[in-house]
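Student: Sharing a structure below in structure tokens format, with a few things to ask.
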Amino acid sequence: MPKSMYIHIPFCNRICTYCDFNKVLIKNQPVDAYVDALIKEIEMIEPQTLKTIYVGGGTPTALSEQQLEKLLAVIDGRFSVEDEFCFEGNPDELTLDKLDLLHNYGVNRISLGVQTFNNDLLEVLGRSHNYDDIFRAINHMEKIGLDNYSIDLMYNLPGETMDDLDQSLKYIEELKPRHISWYSLIIEPHTVFYNRMRKGELTVDDDEKEGEKYLYVIKELEKLGYPQYEISNFAQPEFESSHNKTYWKNDNYYGLGAGSHGYINGTRYYNVKPVNHYIQAMEEKSDALKESLELSVKEQMEEEMFLGLRMNRGVDITRFEEKYGKTLDSVYGSVIEEECAKGNLVRDSGHVALTPQGRLVGNSVFLGFLD
Ligand code: SF4
């Protein structure tokens, strides 16, 4: 059974220009009813000890202190968390009181949505916070001794220069967060960004420049003591995100909340997404399941490969055999050999992993493992 749980809070105080996540503007939303519905869903799960809980969004910190406390009290009453209890938060919403509340209920990691330290770029992204908010939130965390936080950043922003990356690296060196996520901005359809790009009002780097920035970030973070452990994630030793590794190791997890998905024993399932539909489903049927999809063993193995290869450590050869009763070579021997010959994969006795070159063309390597 799952040892990890994802809980989704779909509300945001402001909608960022690039965002295509599962979120809604909080204004006029039935937030209290949502929290009640979520609590009902949480209460459907047996009390137990979990390894990780991750509360993400949207923005979980968009909830009021009262709403947060109500939710946290239920989680606390049913589950103990052995390892990581993480909350996503926006810098302007992480007040000292909210942080104190989270910490008192056992939250031991914050994933802080910084994106960039450049105020002009934050404005372009439509973020609700500014430079000062970032430092205020970090200050608060330091004050209450919540020192395990991730700074979540983006690169390849319109108008971003190498100086902006250097500025972020300088702050990382100064602040010494435990963990860094650094994703390339992806322009998704149906976003403000996408429309501005189409009108020619915004441009981002071409693939070559983006690749250069990516390699630069990897190299510089390594120098600062943050080795890369996943395509977009970097951590001090012992501070890799155990919750996110659940996904990359293709392990089971519960998914709760509107539109969230879970994975249990080879079945992926999805909840209904619109907030009102979710609330209604929980109120009327105590069940918000939209769809569940039983994966064939072959599909499970494919996912094991392309998720596992996201990690620098790669896919664990023994674990694969234990899970599927077949050796990795008997299933994917020829693809692995081919990609090793191209210099995209490397193997030792325990793992098969992407090389630095392979990481740049990751998607094409992953395709080799799909039917
Ligand atoms: S805060 Fe996060 S989820 Fe909300 S709009 Fe911005 S990027 Fe999207």
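Student: Check whether at least one residue in the range 81-89 is open to solvent by 20 Å² or more (accessible area, probe 1.4 Å), within 15 Å of the ligand (Cβ to nearest atom) and touching a helix residue (DSSP H, G or I) at 6+ places or on another chain (Cβ under 6 Å), and report yes or no.
Tutor: Among the residues of the range 81-89, at least one is open to solvent by 20 Å² or more (accessible area, probe 1.4 Å), within 15 Å of the ligand (Cβ to nearest atom) and touching a helix residue (DSSP H, G or I) at 6+ places or on another chain (Cβ under 6 Å), which makes the answer yes.
Student: Let me ask something else. For the structure I just gave you, tell me whether Thr95 is within 10 Å of the ligand (Cβ to nearest atom), assigned by TED's automatic domain parsing to the domain that holds His243 and out of contact with any strand residue (DSSP E or B) (no Cβ under 8 Å at 6 or more places or on another chain).
Tutor: no
Student: Taking the options Glu142, Glu188, name whichever one is at pLDDT below 95 and in the same structural domain as Asp92 (by TED's automatic domain parsing).
Tutor: Of Glu142, Glu188, the one residue that is at pLDDT below 95 and in the same structural domain as Asp92 (by TED's automatic domain parsing) is Glu188.
Student: Something else about it: Just a yes or no: is a residue in the range 219-227 charged (D, E, K, R), within 28 Å of Val74 (Cα to Cα) and assigned by TED's automatic domain parsing to the domain that holds Ile180?
Tutor: no
Student: Continuing with the same structure: Would you mind stating whether Ile151 is in contact with a helix residue (DSSP H, G or I) (Cβ under 9 Å, 6 or more places away or on another chain) and open to solvent by less than 20 Å² (accessible area, probe 1.4 Å)?
Tutor: Taking the combined requirement at face value, the residue satisfies it.
Student: Could you list, ordered by first residue, the pairs with Cβ atoms under 6 Å in which the first is in the range 305-332 and small (Gly, Ala, Ser) and the second is open to solvent by less than 30 Å² (accessible area, probe 1.4 Å), at least 6 apart or interchain?
Tutor: The qualifying pairs are Gly308/Val315; Gly314/Val352; Gly314/Ala353.
Student: Can you tell me which residue within the range 113-148, out of those that are free of Cβ contacts under 8 Å to residues at least 24 places away in the same chain and within 16 Å of the ligand (Cβ to nearest atom), is least open to solvent (accessible area, probe 1.4 Å)?
Tutor: For the range 113-148, the residue satisfying everything is Leu122.
Student: Farther than 17 Å from Tyr270 by Cβ, modelled with pLDDT of 95 or more and within 9 Å of the ligand (Cβ to nearest atom): does that describe Cys12?
Tutor: yes
Student: Being of a type in the set (Val, Ile, Thr), out of contact with any Gly (no Cβ under 6 Å at 6 or more places or on another chain) and open to solvent by 10 Å² or more (accessible area, probe 1.4 Å) is the filter here, so list the residues in the range 1-55 that pass it.
Tutor: Ile15, Val24, Ile26, Val31, Ile39, Ile45, Thr49
Student: Another question, if that's okay. Among Ile53, Ile45, which is the only one that is away from the ligand (no atom under 16 Å from the Cβ), within 18 Å of Leu289 (Cα to Cα) and in contact with a helix residue (DSSP H, G or I) (Cβ under 8 Å, 6 or more places away or on another chain)?
Tutor: Ile45
Student: Further, regarding this structure: Taking helices (runs of 4 or more DSSP H) that do not extend beyond the range 262-371, which have at least 2 residues that are surrounded by 13 or more Cβ atoms within 10 Å (Cβ to Cβ) and at pLDDT 95 or above?
Tutor: Qualifying helices (runs of 4 or more DSSP H): 275-285, 297-308, 317-324, 328-341.
Student: So which residues in the range 186-217 are open to solvent by less than 60 Å² (accessible area, probe 1.4 Å) and touching a helix residue (DSSP H, G or I) at 6+ places or on another chain (Cβ under 8 Å), if there are any at all?
Tutor: Ile187, Glu188, Leu202, Val204, Asp205, Gly211, Lys213, Tyr214, Tyr216, Val217
The values are calculated or read from the model by the stated rules, or taken from the named source; none is laboratory data. What you are looking at is a predicted structure, and each value in this text was computed from that prediction instead of being measured. Cβ coordinates were reconstructed from backbone atoms using ideal geometry, including for glycine residues, and neighbour counts include every protein chain displayed. To get the accessible areas, we keep the full protein, side chains included, count just its heavy atoms, and leave off ligands, DNA and RNA. Shrake-Rupley method; radii C 1.70, N 1.55, O 1.52, S 1.80 Å.
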